[in-house]
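Okay, structure first, notes after.
Rule-based calculations on the coordinates, nothing more; no lab input. As the structure is a prediction and not an experimental result, all values here were calculated from the model. Positions of Cβ are backbone-derived with ideal geometry, glycine not excepted, and every protein chain shown enters the neighbour counts.
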Amino acid sequence: MKLNFFGAAGCVTGSSHLISVNGKKVLLDCGLYQGRDEKERGNENFDFDPKEIDFVVLSHAHIDHSGRIPLLYKKGFKGQIISTRTTMDLCSAMLPDSGHIQEMEVEWKNRKRVRQGLELLEPIYTAQIAMATMFLFKGYEYNELIELFEGFEIRFRDAGHLLGSAIVEIFIKEGSKEEVKLVYTGDLGNKNIPILRDPTIIEAADYLIMETTYGDRLHDNIDKEFKQLATIIQETFKRGGNVIIPSFAVGRTQEVLYALNQYIDSGLIKNLRVFVDSPLAAESTKIYIKHIEDYDEEALKLINKGEHPLEFDGVVFTKSPEDSANINKIQSGAIVISASGMCEAGRIKHHLKHNLWRKECSIVFVGYQAEGTLGRAIVDGTKKVKLFGEEVAVKAHIYNLHGLSGHADREGLISWVEAIKSKPKEILLVHGDKEARESFKALLSSKGFRAKAMEMGETYGINEKIEVNSSKESKLKDRLFALLDSRGDLDSISKEDLLEEIKKTIFK
């Protein structure tokens, strides 16, 4: 069995990991690169042949895990896409929306290219292609054992990161060899997130592919963060400003709505005006309301009392661009939740243009901001940003509430691993910036775990020897020849010392 790492390896977006076993190829996730990762790696092409993929096993619906599935289909993939039922429903809204964004961005770029006499671009896929992709989806419940082909079974367990998100248990039997259990975390959730259950503890794993998004950081207590959000809202309204929350349309938006509803119920804040300005957020909230079977006990108690946690007086889901534009006429007392969460596209950029320069307003980030994104620049303290070709000063109060993140932090990740009763032989680290991965790898090593930080294009073998691919082999030969040339008289060095130098040369 071979594992190839084609995304979120050496970076934090674009998850894509390929399993080759028993003559079949199974792709774990197929996500879009975002921010710096997109600029460095590009989304247009794959490092494998999409026609050769038999199955895509999707951990959850977030675009950095699902967003290149329509491109996979466009380039010839005709296999099955396996996910939870909730993930399938969320993708039916998210993937066409992603296609629409691709179309709009290319249309905007092409207006300039026409004037410059340049060749026109085409989107990597369209909303129509994304909708066609949905016919390949097949949804399952949590804890259901699913046989994809002989010697390959999977089971989805609740990851607590997003409604429908899954840890994937994979049971692999190759001929007469012993069965191997491979576990893929997808994205592990933060504990005590509204609506969602905590991540499922796994009994055993022979090998573990694990995310490390916050492998070097600790979150504040989530209850503390929600109290801080309430305080930010109160103080902003006193100053006569608006609260702008760049939020992922699926997941974070619903969690913030839940918290705001609790403020109203407790009397902490009265007469809230909340605008959810994202067609995708509106559609995905309907899907959240539909799939109450995935809710935690606290949310189910509210529903049993006849109170849905995502529906309350004062919340408005905008529909048209005109509705969105009208929000920007409001100078104070409004909470605007809008996508995208990293401020790279969508209606949030308009709200930033109208509020970012106002010192009485507040911008509250409630999710991870990847390097190279507009959101990351604002969080890191930039004084000016460019929006729609215009420089805008950053004068508003900027807040970054890590505790509201849907990702487990360093402590959450290590406690989840330590709870596995039968420890993995090796943990393969993905989905994290270099600092986060290396820091978490060191922590795992200190706890007695064997861990390896995976790099883009790297191959890992289970129960078989992996041969170095030709391009990599050529590079290694070049390094070795350079080493031998630099050594001169090899008689002056012992075999042991020479081997040590060769190891350093190969693995540097």
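A few points about this structure:
- Out-of-range pairs (alpha-carbon distance over 20 Å; input K74/K109; K177/K425; K25/K78; K78/K290): K74/K109; K78/K290
- Taking 7 Å steps out from each Cα toward its Cβ at K447 and V316 produces label points 4.8 nm apart.
- Each Lys and Arg contributes +1 and each Asp and Glu -1, all at the Cβ; summed about the Cα centre of segment 222-404, the dipole is approximately 880 debye.
- Computed from point charges on the beta carbon alone (+1 for Lys and Arg, -1 for Asp and Glu), the dipole magnitude for the chain about its Cα centre is near 1400 Debye.
- Value of relative contact order over the chain, rounded to a whole percent, pairs C-alpha under 8 Å and six or more apart: 18
- Here the peptides 9-20, 371-382 are ranked by packing, the mean other Cβ count within 10 Å, and the order with the highest first is 9-20, 371-382.
- Stokes-Einstein D for the chain, Kirkwood Rh over Cα pairs, 4 °C, 1.567 mPa s (µm²/s): 53
- Once the Cα atoms are used to define both axes, helix 252-266 deviates from the longest principal axis of the chain by about 40 degrees.
- Ranked packing of 353-363, 59-69, 137-147, most packed first, by mean Cβ within 10 Å: 59-69, 353-363, 137-147
- Rough spin-label spacing in nm, given labels placed 7 Å along Cα→Cβ, for E52 and V114: 4.1
- Amide H contacts under 5 Å for K25, placed H, 5+ residues apart: D54, F55
- Beta bridges per DSSP with both ends in the chain, % antiparallel, nearest 5: 45
- Remark on L387: its backbone amide H falls under 5 Å from those of V392, a criterion applied only to residues 5 or more positions apart or on other chains, H modelled at 1.01 Å from N.
- Estimated vicinal HN-Hα couplings, Hz - segment 132-137 in sequence order (Karplus 6.51, -1.76, 1.60; Gly, Pro = x): 5, 4, 4, 5, 8, 6
- Applying the Karplus relation 6.51 cos²θ - 1.76 cosθ + 1.60 with θ = phi - 60° to segment 118-129 yields 3J(HN,Hα) values of 8, 5, 6, 8, 10, x, 5, 6, 10, 4, 5, 4 Hz, where x marks Gly and Pro.
- For segment 285-290, 3J(HN,Hα) computed residue by residue from phi via the Karplus equation (6.51, -1.76, 1.60; θ = phi - 60°) reads 5, 4, 5, 4, 5, 6 Hz, glycine and proline entered as x.
- Cross-link partners of K395 among lysines (Cα-Cα below 18 Å; sequence separation of 8 or more within a chain): K238, K349, K353, K359, K383, K384, K386
- Cα gyration tensor shape of segment 222-404, rounded if a/c is under 1.5, else prolate or oblate by comparing a/b with b/c: prolate
- Positive dipole terminus of the chain, leading residue within Q228, N190, L208 (C-beta point charges): Q228
- Interchain or long-range residues, amide H under 5 Å from E426's placed H: L208
- Efficiency of FRET from Cβ geometry, N326 and L300, R₀ 35 Å, rounded to 0.05: 0.45
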